[in-house]
Amino acid sequence: DVIYLEKGEIVPADIGLLDTNDIMDKEMVCYIDLSLVQGFTPVIRKKASFLTQFLQRSPAKQKWMEYRKILSGKLEYDPPNKNPNIFNGNLKLRKDPKMENLTIDNFIPRGAVIMHTGWIYGLVVYTGKDTKIYNNTDYGNLKLSFIEYMIQYYMILMTAVVVALSIVT
């Protein structure tokens with residue numbers, strides 16, 4: 001699915017950057033804030049795909065149907081992985097004979113905030129448990145204090161006593 005985001009919005013899924021309204025050094029660029037993802041505030045520059053940059057720079061929402069017409073094609077990319085600095089994909093549009101390699105420079109992770117850019121179009125790549133941020137979380141290692149272990153032990157013991165007494169009576 002293609003997603004449209006404006007300045008200040010949080011990216012809801014891992015996306016590949018297709019187009020933006022900010023031009024710098026003859027490239028369509030977007031700046032993202034990763035403070036919600038990494039805990040500190042680096043502002044990172046991402047580049048839009050050359051194949052999908054829309055030619056007219058008028059208001060993006062009004063040109064949505066025209067933009068969708070040029071997007072028919074195929075995107076092949078790596079399966080989800082834990083490494084937040086690696087993304088590889090190949091984009092081939094139906095109306096364009098060229099193929100473009102997409103890298104981490106074209107990838108925006110879930111949780112990033114769109115900064116210094118009016119709007120962007122992105123192609124949703126990973127969602128839910130497949131996102132890079134979710135793959136980097138570790139919910140299996142819960143650290144408990146001695147008191148918490150003792151509370152759990154006594155709760156299980158008390159539950160067993162209550163069940164045994166209810167069976168006896």
Output for the range 1-21, where each listed residue is part of a strand (DSSP E or B) and not β-branched (Val, Ile, Thr): TYR4, LEU5, GLU6, ASP14, GLY16, LEU17, LEU18, ASP19
Flag for ARG57 being within 22 Å of THR127 (Cβ to Cβ), open to solvent by 50 Å² or more (accessible area, probe 1.4 Å) and modelled with pLDDT under 75: no
With the structure loaded, tell me whether ASP130 is farther than 22 Å from GLY8 by Cα and of a type outside the set (A, V, I, L, M) or whether it fails that test. yes
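The values are calculated or read from the model by the stated rules, or taken from the named source; none is laboratory data. No experiment lies behind these values; they were computed from the predicted model shown. A quick note on method: Cβ atoms are made from the backbone with ideal geometry, for glycine too, and the neighbour counts reach across all protein chains shown. For the accessible areas, the whole protein counts, side chains as well, though only heavy atoms, and no ligand, DNA or RNA atoms are used. Shrake-Rupley method; radii C 1.70, N 1.55, O 1.52, S 1.80 Å.
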